[in-house]
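Q: Below you'll find the structure I mean.
The values are calculated or read from the model by the stated rules, or taken from the named source; none is laboratory data. Being a predicted model, the structure only gives us computed values, none of them experimental. Counting neighbours? That spans all protein chains shown, and the Cβs are built from the backbone with ideal geometry, glycine included. Calculation scope for accessible area: heavy atoms of the full protein, side chains included, ligands and nucleic acids excluded. Shrake-Rupley method; radii C 1.70, N 1.55, O 1.52, S 1.80 Å.
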Amino acid sequence: IFILPACFVFILLCYFSVLAVVLRTSNDSPWTDEFDKIELSCLIESISTTNPRIEWKKITNEGPSYVYFDKKISGDLENRAVIREPATLLITNATRSDTAKYRCEVTAADDQKSFDEIVIDLVVRVKPVVPKCSVPKSVPFGKSAELSCVEEEGFPKSQYQWFKNREEIPDDPKTSLKFFNSSYALNAETGTLKFIAVRKEDAGEYFCRAKNDAGYAECAAQKMEVYDIDLLGIILGVLVVVIVLLCITVGICCAYKQGYFSSQKQTGNNYKVPAKGDGVDYVRTEDEGDFRHKSSFVI
């Protein structure tokens with residue numbers, strides 16, 4: 001009584017499993033480095049349809065777009081990908097723009113369960129480029145200082161390390177005897193190294209390293225000096241400047257009083273015609289345009 005129903009159920013399960021398309025993948029979160037190849041496996045465990053329809057779609061924030069449709073590679077992966085039978089997608093030259101979710105869809109018209117899909121999350125890692133580092137050349141003793149490090153090409157996003165004289169600076173200065181007396185804050189996410197109050201011991205050569213899962217890159221070492229503020233020298237310098245300005249002002253006032261700065265201006269039109277002498281006339285002839293004089297006697 002109980003044997004027949006069990007056999008019947010088993011037969012039904014076998015029947016429906018044969019008439020159902022079922023997909024699986026060997027890795028639903030693959031990754032690769034940029035310019036390497038990567039396989040997005042889409043394996044068909046069971047199917048009855050001899051010629052199923054296979055499609056691949058790339059899913060981004062803008063929505064899905066076709067990668068493989070009507071037995072052709074299209075979109076960004078054209079000429080950079082192939083299909084390995086029956087449905088696996090092989091990217092031969094991955095780039096950073098390929099990082100996305102991909103959906104494999106199989107439609108089998110002759111199967112009882114005629115459709116199945118799997119989603120694969122692909123990450124293409126990009127090695128960081130040389131970061132841009134900023135290190136102040138000189139800082140007054142006891143003052144604050146900030147060192148910055150920026151790298152925007154790497155994927156996943158870079159983490160940052162700072163080095164002084166080729167030795168890594170710990171996140172917490174209290175964990176190292178060499179940096180125990182330093183007062184700074186290091187942010188591995190943003191790449192900033194902030195000194196609250198610079199000490200003489202903080203002088204040295206600094207460089208930054210940007211790293212992620214694909215590798216790392218470093219900027220060239222830059223020297224930071226720490227100097228004392230000479231308050232006495234600054235005060236004396238200010239006094240000298242004040243005295244010089246005062247002497248100049250007094251000198252200008254004295255010059256005015258002595259009449260060295262005249263308010264009258266001499267021009268070329270101030271020529272005065274000499275007075276006529278008695279009995280002498282000055283005549284200008286029209287032909288010659290010069291002055292001649294003739295004597296006349298008054299009787």
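Q: Just to be sure I follow: if Rg is taken over the C-alpha atoms of the range 18-125 and Rh is the Kirkwood radius over the same atoms, what is Rg/Rh?
A: 0.97
Q: Place a point 7 Å from the Cα of D213 along the Cα-to-Cβ direction; which residues of the range 130-166 have their backbone N under 14 Å from it?
A: It comes to 155-159, nothing else.
Q: Could you put R125, R53, R96 in order of accessible surface area, largest first, with the 1.4 Å probe and the full protein assembly present?
A: Descending order: R53, R96, R125.
Q: Let me ask something additional. What FRET efficiency, computed as 1/(1 + (r/R0)^6) with R0 = 25 Å and r the Cβ-Cβ distance, is obtained for S148 and I59, rounded to the nearest 0.05?
A: That pair, S148 with I59, gives E of 0.10.
Q: At 1.4 Å probe size, with every protein chain present, just tell me what the per residue accessible area of the range 74-115 comes to in Å².
A: 50
Q: Compute the length gained on full extension between L177 and S26: take 0.36 nm times their separation in residues and subtract their Cα-Cα distance, giving the result in nm to one decimal.
A: 49.5 nm
Q: In addition: To one decimal place, what Kirkwood hydrodynamic radius in Å is obtained for the range 132-227 from all pairs of distinct Cα atoms?
A: So the Kirkwood estimate lands at 13.5 Å.
Q: Local charge sum around D76 (other residues, Cβ-Cβ under 12 Å, Lys/Arg +1, Asp/Glu -1)?
A: +1
Q: How do F180, F163 stack up against each other in accessible area, from largest to smallest, with a 1.4 angstrom probe?
A: Largest to smallest exposure gives the sequence F180, F163.
Q: Rolling a 1.4 angstrom probe over the protein chains, ignoring ligands and nucleic acids, what is the accessible area of K143 in square angstrom, nearest 10?
A: 100
Q: On to the next question. Residue separation times 0.36 nm, minus the C-alpha to C-alpha distance between E189 and N93: what's the value?
A: That pair, E189 and N93, stretches by 31.6 nm at full extension.
Q: Next up: So what does K101 come to for accessible area, using a 1.4 Å probe and Å² rounded to 10?
A: Roll a 1.4 Å probe over it and K101 shows about 90 Å².
Q: Within 12 Å, Cβ to Cβ, of E201, how many net charges do the neighbouring residues add up to if Lys/Arg are +1 and Asp/Glu are -1?
A: +3
Q: With the Cα gyration tensor of the range 35-83 in hand, convert its eigenvalues to equivalent ellipsoid semi-axes via √(5λ) and list them largest first in whole Å.
A: Over the Cα atoms of the range 35-83, the ellipsoid semi-axes are 21, 14, 12 Å.
Q: Okay, moving on. Per 0.36 nm of contour for each residue apart, how much would the distance between V240 and Q222 grow if the chain were fully extended, relative to their Cα-Cα spacing?
A: 2.8 nm
Q: Could I ask something else about it? Students often forget the sequence filter, so: which lysines lie under 25 Å Cα-Cα from K57 once same-chain residues fewer than 8 apart are removed?
A: Within the straight-line cut-off, K57 pairs with K37, K71, K72, K101, K113.
Q: Are there GluC sites (Glu not before Pro) in the range 47-119 that DSSP marks as loop and that have at most 11 other Cβ atoms within 10 Å, and which are they?
A: E62, E78
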